[in-house]
Each structure stands twice: as C-alpha cells, then as structure tokens.
Amino acid sequence: MAAAPHAPSLASHHAEIAAIRLSTAVPEPVAVQFEVAKNLYLYAWYVYRFYMTASAQALATLEFGLRERLRNGLLEQNPKSSPTLRNLLHHAIDIGLVINEGFRRWHRAAELSAQERISMEVLKARIDGQLANVDTWTPKTVEITPEDQSWDLVDHLRNSLPKMRNELAHGSPMLTNQVWGTLELVAEILNQLYPAPASAEAADTCVTT
C-alpha cells in the first residue's frame, strides 16, 4: 500500500487525513464509520498500535459500504453467495462499478511509465546520434499509451484487500504505520460505488480550489 506523504508534525498529519474525502453520495452510516477509521489514524500519532486498528476499521467500512450497495444484486445473481468482503468486491469489479481509472495511484503509475518510456526514447535517440544533447529536447506533453496503462490494479485489490481484512479481523502480529494508502483506497472505492452528482462535484471544486 502507498505511504502517506511525510508528516513532520501533528498539524500536517491532520491535514493529510483531512484530504481523504468521501463523495457526498456515500450513505451517512457508512461515512460515519469511515470517519472513525480516520480518527483512529489521527490518534495513532500518539498510540502507534492504533495504526492497525485504523486499517481494520477502514476495511470493515469498505465491506459495510459494499454490502449496502450490492447485497441484493449479488444474491440475485448468485443466491449461494454470502455477502463477504471478498464476494462483494469481486462482484463490484466484475460488473464494472470499481475500475482502474477510479484510483489516483493507477493514474500516477501510468504517468510515471510514460515519463520513463520517453526518457528511454530520448536516451536512445542521443546514443543513435539523432540528438546532440539530451538536455536540449523535452517533449511539451507526455502522451500516455495503453501500454503505460497496463497495470491491472483492481485485479490485485480483489484479493489483497480481503486477505488483509481477514488477517486483521482474526488477530495478527502485523504492526506498521503504512495505513494512509489503505484509507485512500477505501475512500476511492466507496466514491466509485457512490458517485456524487456532477453539480455537487463542481461545487466541491469551487470550495477547495
């Protein structure tokens, strides 16, 4: 999971957490449970072991949000399926509610891949004598190709998130402060399940910019 940006102070730690926001369309009971996870992560600044509790709470909230959104549809499609996190997440991915394009880290990975590819192309051109100095040529825009977007993040998440949730729920010696990425992932999945109306997104942009 991704780590949070460096937080040298409690104030910046709080600002990083506040930046993780849910869509206004997420049901209030689900949003409240996610706020519990964020608060646990905040107070982990003082109690290190709260990091794992925050992660467990975030993943429990994800299961709650998926169940509220998909339980009836999952049972209609497969009456023998139980509404577990694994089954619900698989169903959400399979029907296209959760997609790679809904995750910031997927876009960042594609951009980095494109930048690295272009850097290698420039280096090759310099070696081949097509460019006298690599520093004298920089593309105005970086075009992202399907190859740059080949990372199937959701295919990884469909198994890794339920596995992590089960490990935490059933007791684990795992202890790490790398929890910010889990909170971000959960928020982005919930935001895909409950997208805000376009008008609400526009208003939010006006407030935050």
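Nothing in this text is a laboratory measurement; each read-out follows from the coordinates by a stated rule. Only a predicted model underlies this, so the values are computations on that prediction, with no experimental measurement involved. Cβ placement follows ideal geometry from the backbone for every residue including glycine, while neighbour counts extend to all protein chains displayed.
Below is a table of values for the structure above.
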| item | result |
| --- | --- |
| Chain lengthening between Ala19 and Arg117 when straightened (0.36 nm per residue, less Cα-Cα) | 32.2 nm |
| Gyration tensor (alpha-carbon) shape descriptor, region 11-71, a/c threshold 1.5 | oblate |
| Relative packing of peptides 35-41, 108-114 - highest average C-beta neighbours within 10 Å first | 35-41, 108-114 |
| Relative contact order, percent, region 12-85 [alpha-carbon distance under 8 Å, six or more residues apart] | 24 percent |
| Prolate/oblate/rounded label for region 35-118 (Cα gyration tensor, a/c 1.5) | oblate |
